[in-house]
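Okay, structure first, notes after.
The values are calculated or read from the model by the stated rules, or taken from the named source; none is laboratory data. Fair warning: this is a prediction, and the values are worked out from it, not measured in the lab. Cβ placement follows ideal geometry from the backbone for every residue including glycine, while neighbour counts extend to all protein chains displayed.
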Amino acid sequence: MPYPWLLYAHLASVAGFLLAHGSAAAMSFVLRRQQGTDRLRALLDLSLLSAPLTYVFLLLVIATGVALGFAGHWWASGWIWVSLAVLVVVAAAMIGLGMRYNAVRQALGVPRGSRGADAPVSQTDPDEVQRALAATQPVTIALVGVVAVLVLLWLMIEKPF
């Protein structure tokens, strides 16, 4: 596959990833303002529904990025290695920060690994739900993601080293 088509596939994969992951990002900003456990469960389910597509696009981003590295002979350049490091560090940070939403699901009585709409729901403690919601950091998560995308774009465009 010629380099321009690989680049197109890579950028399209990034766009798909951002669109698929956008529902989880949007959910994180409105979650704290919601009242009622059913609404909270529904919002958390929304982020779970988009997760498989998000991961498919992330794998496509990685695969096309690696292919571009070979097609463009970039593996001897430092910028591509820094890009991979940024991706790994940001993924770890996002996973760590995102785990706090599992505590919200647990406080809502939704068993781990199940959707709230389908799961038998146990009794919830409103104070525990509020504590779990207060521990989430949607602004921090969004800032990490936005800064990462900007750094990766800069590295791809400028190829500084």
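The condition of being surrounded by 14 or more Cβ atoms within 10 Å (Cβ to Cβ), closer than 19 Å to Ala142 by Cα and β-branched (Val, Ile, Thr) holds for only one of Val82, Val86, Val30, that being Val86. Being in a helix (DSSP H, G or I) and without any contact (Cβ under 8 Å) to a residue 60 or more places away in the chain is a property that holds for Leu97. Put simply, of Gln35, Gln106 the only residue that is out of contact with any Gly (no Cβ under 9 Å at 6 or more places or on another chain), over 23 Å from Leu152 (Cβ atoms), of a type in the set (S, T, N, Q) and in a helix (DSSP H, G or I) is Gln106.
Identify all residues within segment 1-19 that are more than 16 Å from Ala142 (Cβ to Cβ) and aliphatic (A, V, I, L, M); write none if there are none. Step through it out loud before you land on a result.
The initial filter retains those residues of segment 1-19 that are more than 16 Å from Ala142 (Cβ to Cβ), namely 1-16.
Scanning segment 1-19 gives Met1, Leu6, Leu7, Ala9, Leu11, Ala12, Val14, Ala15.
Yes or no, residue by residue, for (1) basic (Lys, Arg); (2) farther than 20 Å from Ala20 by Cβ; (3) at pLDDT below 95:
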position	(1), (2), (3)
Val61	no, no, no
Ile80	no, yes, no
Val89	no, yes, no
Ile95	no, no, yes
Gly98	no, no, yes
Ser114	no, yes, yes
Gln130	no, yes, yes
Val144	no, no, no
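In segment 46-60 there is no residue matching the filter, namely being part of a helix (DSSP H, G or I), touching an Asp or Glu at 6+ places or on another chain (Cβ under 7 Å) and over 21 Å from Tyr3 (Cα atoms). Filtering segment 121-161 to residues that are among the aromatic types (Phe, Trp, Tyr) and out of contact with any Pro (no Cβ under 9 Å at 6 or more places or on another chain) leaves only Phe161.
For segment 121-157, the tally of residues that are touching a residue at least 24 places away in the same chain (Cβ under 8 Å), over 18 Å from Ala93 (Cβ atoms) and part of a helix (DSSP H, G or I) stands at 6.
Hey, any hits in segment 43-66 for a residue that's among the small types (Gly, Ala, Ser) and at positive phi? The answer is no, given that none of the residues of segment 43-66 is among the small types (Gly, Ala, Ser) and at positive phi.
How many residues does segment 61-84 contain that are aromatic (Phe, Trp, Tyr) and in a loop (DSSP other than H, G, I, E, B)?
Total meeting the criteria: 2.
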